Amino acid sequence: QAQILAQSPTLKCVNFRGNVQTRLRKLDDGVVDATLLAIAGLKRMDMDSCATAVLDWDEMLPAVAQGAIGVQCRSDDERSLKYINALNHPETHACVNCERAFLEALDGNCKTPIAGQARIIDGKIVFRGLIAMPDGSLKYTTEATGEVEDAKEIGRKAGEKLKAEAGDKFFEMMVEMSPQQVLGQITK
């Protein structure tokens, strides 16, 4: 929401619930003018033809570790670890570690407008991240590139950089301004 409002502050963002078909029906019925849905979900349901555009990271960054699947087991369960390790995708693991280190450096949670994505491009890890006010009025962005084995450090440093650039006051204001307050301000 923060990224949408940062790009188009005159838009009215509304949260609505329902499955994909319900959301698309609201679009068809004119209840909303647009909706954002995960292309992976649309593909899984063989509904990707409903998508009119797929946003790239130049347009909008996802939430940290969006789409990654984590599997957890006891550290002493050698049999399960053997199977789980066979499922691991090292490149995705490195990207998620970078993103999570960024989030941790910012003390972020699922309610704060923090986004980040790491990709491996030409053998290097490339990270982009942002923090924003819920109303999109202010945002800070960063980009970092480095060796894949330094993924966590790259993410941590990117988070620390944004934290320093934004300052304590930004984070105090970000926490105070809930998305509901933002929606209330926009609809008044």
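The values are calculated or read from the model by the stated rules, or taken from the named source; none is laboratory data. Owing to the predicted nature of the structure, the values given are computational and were not obtained by experimental measurement. Positions of Cβ are backbone-derived with ideal geometry, glycine not excepted, and every protein chain shown enters the neighbour counts. Protein only, heavy atoms only, side chains kept; ligands, DNA and RNA dropped before computing areas. Shrake-Rupley method; radii C 1.70, N 1.55, O 1.52, S 1.80 Å.
Only protein heavy atoms count here; on that basis, with a 1.4 Å probe, LYS161 has an accessible area of about 100 Å². Computed with a 1.4 Å probe over protein heavy atoms only, the accessible area of LEU130 comes to about 10 Å². Helices in the chain, meaning DSSP H runs of at least 4 residues, each add -39500 (n - 2.57). Divided by all residues, the mean residue ellipticity at 222 nm is -13500 deg cm²/dmol. Across the chain, how many lysine pairs separated by 8 or more positions, or lying on different chains, have Cα atoms within less than 18 Å? Taking the Cα cut-off of 18 Å, the pair count is 14. The antiparallel fraction among DSSP beta bridges confined to the chain stands at about 100%. Can you give the FRET efficiency for LYS111 and GLN66, using 1/(1 + (r/R0)^6), R0 = 22 Å, r = Cβ-Cβ distance, to the nearest 0.05? For LYS111 and GLN66, the calculated efficiency is 0.90.
Here ASP76 sits with roughly 120 square angstrom of accessible surface, probe radius 1.4 Å. Of the listed residues TYR83, TYR140, the order by accessible area with a 1.4 Å probe, largest first, is TYR83, TYR140. Summarising the label geometry, the points placed 7 Å from Cα in the beta-carbon direction at GLU91 and THR145 lie 1.7 nm from one another. Accessible area per residue for the chain is 66 Å², calculated with a 1.4 Å probe on protein heavy atoms, without ligands, DNA or RNA. Restricting region 1-70 to trypsin sites (Lys or Arg not before Pro) that sit in a DSSP loop and have at most 13 other Cβ atoms within 10 Å of their own Cβ leaves LYS12, ARG17. Extension gain for MET47 to ALA34 (0.36 nm times residue separation, less C-alpha to C-alpha distance): 3.0 nm. The coefficient of translational diffusion for the chain, derived via Stokes-Einstein from the alpha carbon Kirkwood radius under 10 °C and 1.306 mPa s, stands at 86 µm²/s. Ligands, DNA and RNA left out, the accessible area of the chain computed with a 1.4 Å probe is 49% carbon and sulfur.
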